Structures are given as C-alpha cells and as structure tokens.
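Here's the structure we're looking at; comments come further down.
The values are calculated or read from the model by the stated rules, or taken from the named source; none is laboratory data. What you are looking at is a predicted structure, and each value in this text was computed from that prediction instead of being measured. Virtual Cβ from ideal backbone geometry, glycine too; neighbours counted across all protein chains shown.
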Amino acid sequence: MAKIAFLGDSITKGTDYGGVSFTDTFAFLVGTHLGYAPGEIVNAGVSANTTVAMAARFHNDIVSSGAVVCGVMGMFNDIDQGVTVQIYSNALRSIAIQAADANIKCIFLSPPIWRADEAGHIKYREYVYAMERVAAEVGCPFIDSYRNYAFNYLCSTASFLTWYAPNDLMHQSKAGHLELASIMIRVCFAKYWEPLPVVNSPDVPVSPLPVNPLVLAIADYLIGGQVSTALAAIQSERYKFS
C-alpha cells in the first residue's frame, strides 16, 4: 500500500497547539486531497526536531513506512538551536539523497512565517534561501509557504493572524493548516506530488558462454585434485591449439 508522508517538527505534527486534531493538519488535508486514504497518510512531525534530527530518522520513519512521496518541512528549530545554514543545508541534502535511494519523491516545504522582529526575519530569510538553493541543487520540488504567507500578510493582516494558534507566533490554528494545505495543493504544484516512476531492473537474458573442451578439462583437473587422467585430458586438448 503506497503512502504519503510528511517529515517535520511541531508545525507538521500540529496537534500540540490550538486544538488541532490529526484530521485538521495540513498533512492530512494534502494527503486526502491527493487521493490517499487516512491510513495511507504518515505524519512524521516530531516537536523540537531540527532538520538534522529529521535526516537521522528518515529511514526509520519514512522509508520504513512504505511512503512513495514525502513532504519535508523543517527550519525553525535549526535556527532556535544554533544549527548553521551550512549544516542545515547538508541535512536537507542528506534527506534528498536518502529519498532518491529509496525511490521516494521528496518535496521541500518552507514553513509559515515565524512572526518576529526585523532582525529575526532577516535571519530566517537565509534559511529559506538555503532550502531553495538545495532544492534546485538536488532536483527536489520546492513549495514556498513562507513567501506566500508574507504576501497574504500584506493583503489582509486580519486574516493572517487567524492562522496562528492563540498567543502563538509560529504554530498554526485549524485555519492556518487549511491555508498551508491550500498553498500546497495549487494546480501549479500538482506534478510535484506525483510519485517517481517505479524503477525495475529489466530481466536481461544471459547467453551461455561458449565452453570448449580445454576449459572443461582444466576445470575437471582443478576440481578433481589434479589427477593424472585430468592432466592427460588437458594435454590432449592443448595440442589442438598448438
């Protein structure tokens, strides 16, 4: 049974904030929109996880789940826990490589905005750009929720604020998860979520190698413990090639 997975932190997990249930999360909403049954949607969000930690558990949580597609959202815990842009980028590369090795389609997802001061936004922008660069480098699709949120904030601050759990600058309400899902399932991103083609090794018929009597005689000689009868057979065949 093919599955879709979402690898991330508490934003992906979703259920620790604002009364959000599993079926309210963007992971569930995207998965069901794409035609996956509830049991085929893997929410591998772990609170406080860095992208480095996600890379370390990718095999156990994603590959082992049977997922054929995986959305990856991680960033803020890396920033909060002092993970450098370079290490963060390397973790994304590791995830992409592991996904490719397992024939899993990997989509990078930037998180929604962490509402902060100007200095914070400038810092977060470095990590958004890093995800964008790595996505281009490794050939993974990239859906940028962060910039979409920034644009929507400019259009309607009142609506924007309803997307966050009460008194929370980062985690999403039910409305926020719905907004994230609506970004990810836009028609322009439809092909991003298509699984990779199944790679089958073609059965190539093996033609038997021509075996002449000399080869057989040598094999008999070696297998038979170098007995005189085998040695005589070898000598007899060798004379034919002299």
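What about residue 126, is it within 27 Å of residue 164 (Cα to Cα), in contact (Cβ under 8 Å) with a residue 40 or more places away in the chain, in the same structural domain as residue 55 (by TED's automatic domain parsing) and surrounded by fewer than 21 Cβ atoms within 10 Å (Cβ to Cβ)? Here the answer is yes, as residue 126 does meet what is asked.
Out of the residues in the stretch 130-181 that are acidic (Asp, Glu) and surrounded by fewer than 16 Cβ atoms within 10 Å (Cβ to Cβ), state the one that is nearest to the chain's Cα centre (by Cα). The selected residue is 137.
Remark: residue 109 falls outside the filter, which requires a residue to be more than 23 Å from residue 91 (Cβ to Cβ) and either modelled with pLDDT under 95 or of a type outside the set (Gly, Ala, Ser) (or both). Scanning the stretch 1-21 for residues that are out of contact with any Leu (no Cβ under 9 Å at 6 or more places or on another chain) and under 16 Å from residue 165 (Cβ atoms) yields a count of 11.
Residues of the stretch 36-76 that are within 23 Å of residue 128 (Cβ to Cβ) and either part of a helix (DSSP H, G or I) or hydroxyl-bearing (Ser, Thr, Tyr) (or both): 47, 50, 51, 52, 53, 54, 55, 56, 58, 76.
Of all residues in the stretch 11-35, how many are in a helix (DSSP H, G or I) and of a type in the set (S, T, N, Q)?
3
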